[in-house]
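We did not get these values from a lab; they are worked out from the coordinates using the rules stated. Every value quoted in this text rests on a predicted model; they were computed, and no experiment measured them. Here the Cβ is made from the backbone with ideal geometry for all residues, glycine too, and neighbour counts use every protein chain on show.
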Amino acid sequence: MALALTHVTSDALLMSTSLAVVLPQTESVEPPPVLYLLHGLSDDDTAWVRRSSIERYAQDRGIAVVMPRVERSFYQDMAHGERYWTYVSEELPRIVRSLFRVSDRREDTFVAGLSMGGYGAMRLALLRPELFAAAASLSGALDMADPEMPRQRPDLYENAFGGREIAGTDADLHALLARATPADTPRLFVACGTEDDLWGMQQPFVDAARARGLDVTHLWSAGEHDWPYWDARIQDVLDWLPIRSRAGRRDEDAAGVS
């Protein structure tokens with residue numbers, strides 16, 4: 001594998017930003033599938049590389065991994081800050097495809113994240129379903145409309161949301177689930193440790209997704225809101241992802257399947 005720590009200029013953010021990218025080293029003529037892997041509230045674009053073995057796991061599966069930096073934006077176009085939602089949902093895929101050799105097919109493109117990044121991954125899956133074949137949340141903050149959430153860090157909520165009501169908006173995952181079309185929505189994977197402070201948000205999200213007819217897999221197990229849990233669960237996510245074999249992709253191309 002190759003690890004690229006890259007600085008790019010973003011038109012959406014009106015500044016430079018950074019991303020970490022893990023790339024398979026291969027002589028194959030086919031570009032690899034790609035996983036956009038999102039960080040949590042206290043992390044940055046290097047967290048997954050520094051604190052998990054994602055590089056080794058990606059090598060075993062022949063997948064590229066893109067890890068952007070979004071600060072403490074909650075994956076929003078912030079009320080008092082930068083347009084991180086526009087950056088991640090629109091500009092970042094274009095930047096990645098222009099700089100790196102990765103697949104541009106929906107069926108080869110996935111998103112996952114932990115905590116705040118789990119929320120971001122589900123928001124991307126539900127608002128931009130045409131981009132992703134599958135999305136996974138690890139210990140995700142899956143109910144940003146919960147009144148207890150802003151009380152923990154009101155300054156961060158104010159910066160991201162500007163004090164506006166979240167329930168029923170595009171920042172509310174449950175509102176997005178209620179509008180989701182099963183045939184168009186990516187496959188979903190939700191995992192959380194039963195000792196995690198965000199544990200109470202997980203089953204209601206899964207229940208709402210299933211009530212809407214969405215394809216959702218859940219995994220509950222002992223674990224806390226920490227890197228030992230996320231390092232273990234990202235392996236489960238990678239095993240769950242519908243990563244097609246290179247041979248299978250060649251067969252489909254020969255048959256004219258896109």
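Looking only at region 19-73, residues that are assigned to a helix (DSSP H, G or I) and either on the phi > 0 side of the Ramachandran plot or not aromatic (Phe, Trp, Tyr) (or both) come to 11 in all. Is it true that LEU138 is in contact with a helix residue (DSSP H, G or I) (Cβ under 7 Å, 6 or more places away or on another chain) and under 22 Å from GLU90 (Cα atoms)? It is false that LEU138 is in contact with a helix residue (DSSP H, G or I) (Cβ under 7 Å, 6 or more places away or on another chain) and under 22 Å from GLU90 (Cα atoms). Of all the numbered requirements in (1) of a type outside the set (Asp, Glu); (2) touching a residue at least 60 places away in the same chain (Cβ under 8 Å); (3) within 22 Å of SER10 (Cα to Cα), LEU127 misses one, and that requirement is (2). The residues of region 160-200 that are in contact with a Cys (Cβ under 8 Å, 6 or more places away or on another chain) and either in a strand (DSSP E or B) or buried (at least 19 other Cβ atoms within 10 Å of the Cβ) (or both) amount to a single one, LEU198. Condition check for SER16 on (1) outside any strand (DSSP E or B); (2) in contact with a His (Cβ under 8 Å, 6 or more places away or on another chain); (3) of a type outside the set (Val, Ile, Thr): one failure, at (1). Residue count for region 201-237 satisfying the condition of being within 27 Å of ARG51 (Cβ to Cβ) and assigned to a loop (DSSP other than H, G, I, E, B): 5. One residue stands out in region 89-131 among those that are within 21 Å of ALA145 (Cβ to Cβ) and of a type in the set (A, V, I, L, M): the one that is surrounded by the most Cβ atoms within 10 Å (Cβ to Cβ), namely LEU114.
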